[in-house]
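*Asks:* One structure coming up, written as structure tokens, with questions to follow.
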Amino acid sequence: MHVVLMDVDYTLYPKGTGPFVEVSRNIEAYVRRRLGLDQTQTKALRESYIARFGSTLGGLMHEHAVDPLEFLAYVHDVPVEDMLRDDGRLQETLTALHLPLIAFSNGSTAYILRVLRTLGVAGGDAFLRTLRS
């Protein structure tokens with residue numbers, strides 16, 4: 001069976017735009033607040049955790065027992081609807097593939113669905129199933 005896998009962030013909208021810029025800021029803010037670090041310490045810790053654990057969240061869970069649901073809710077609390085617009089060309093392109101589409105992200109399911117709905121690609125012929133990685 002053939003399927004199309006799509007990472008939600010920076011695949012369905014251009015890099016440097018959309019909600020992931022704000023999500024990244026929220027990750028930094030969460031780490032600074034939770035661990036009492038300054039910006040330089042936060043950046044170094046995040047780089048270390050990404051290298052060692054594959055993500056900032058992985059390191060926070062392993063080293064600081066951070067609740068992943070709390071983290072995901074905080075960092076993905078961004079105004080997706082103000083940052084993205086319905087993208088008719090994207091919907092047409094995905095529909096024309098005539099293959100099952102799977103959208104994935106390391107974000108929360110609620111965040112993924114908000115992005116897909118805002119882009120106009122969730123539901124109907126361009127139904128996308130969400131998975132958390």
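Where a number appears in this text, it was derived from the coordinates with a stated rule and is not lab data. Since the structure is predicted, the reported quantities are computational estimates derived from the model, not experimental observations. Cβ: placed from backbone, ideal geometry, glycine included. Neighbour counts: every protein chain shown.
*Asks:* Calculate I(q)/I(0) for the chain by the Debye formula, one identical point scatterer on each C-alpha and no solvent, and give its log10 at q = 0.12, 0.18 Å⁻¹ to two decimals.
*Replies:* Listed by q, the Debye log ratios stand at -0.51, -0.98.
*Asks:* Using label points projected 7 Å from each Cα along Cα→Cβ, tell me how many nm separate GLU63 and LEU97, to one decimal.
*Replies:* 3.6 nm
*Asks:* Amide H neighbours of PHE104 under 5 Å, counting only residues 5+ apart in sequence or on other chains, H built in-plane at 1.01 Å?
*Replies:* Amide H to amide H, under 5 Å and 5 or more residues apart or across chains, PHE104 pairs with MET6, ASP7, VAL8.
*Asks:* Could I ask something else about it? Under 5 Å between amide hydrogens, which residues at least 5 positions from GLY120 or on another chain qualify, with H placed 1.01 Å from N in the peptide plane?
*Replies:* Amide H neighbours of GLY120: ASP87.
*Asks:* Ranked from highest to lowest mean number of other Cβ atoms within 10 Å per residue, what is the order of the peptides 83-89, 115-121, 25-31?
*Replies:* 115-121, 25-31, 83-89
*Asks:* Sticking with this one: To the nearest 20 Debye, how big is the dipole of the chain about its Cα centre, given +1 on the beta carbon of each Lys and Arg and -1 on that of each Asp and Glu?
*Replies:* The calculated dipole for the chain is roughly 240 debye.
*Asks:* Compute, for region 1-59, the length of the dipole vector about the Cα centre, with Cβ point charges of +1 (Lys, Arg) and -1 (Asp, Glu) only. Units Debye, rounded to 20.
*Replies:* 220 debye
*Asks:* Return the Cα extents of region 45-102 along principal axes one, two and three, sorted largest first, each rounded to a whole Å.
*Replies:* Sorted largest first, the three principal extents are 45, 26, 19 Å.
*Asks:* Which residues' amide hydrogens lie under 5 Å from the amide hydrogen of VAL66, considering only partners 5 or more residues apart or on another chain, with H built in the peptide plane?
*Replies:* MET61
*Asks:* Divide by every residue of the chain the summed helix terms, -39500 (n - 2.57) for each DSSP H run of at least 4, and state the resulting mean residue ellipticity at 222 nm, rounded to the nearest 500 deg cm²/dmol.
*Replies:* Counting only the DSSP helices, I get -16000 deg cm²/dmol.
*Asks:* If packing is taken as the mean number of other Cβ atoms within 10 Å per residue, what is the order of 67-80, 90-103, highest first?
*Replies:* 67-80, 90-103
*Asks:* Can you find, among LEU12, GLY59, THR40, the residue farthest towards the positive end of the dipole of region 1-66? Put +1 on the C-beta of Lys and Arg, -1 on that of Asp and Glu.
*Replies:* THR40
*Asks:* First check a/c for region 11-88, with a ≥ b ≥ c the square roots of the eigenvalues of its C-alpha gyration tensor; if it is under 1.5, answer rounded, and if not, answer prolate when a/b is larger than b/c or oblate otherwise.
*Replies:* prolate
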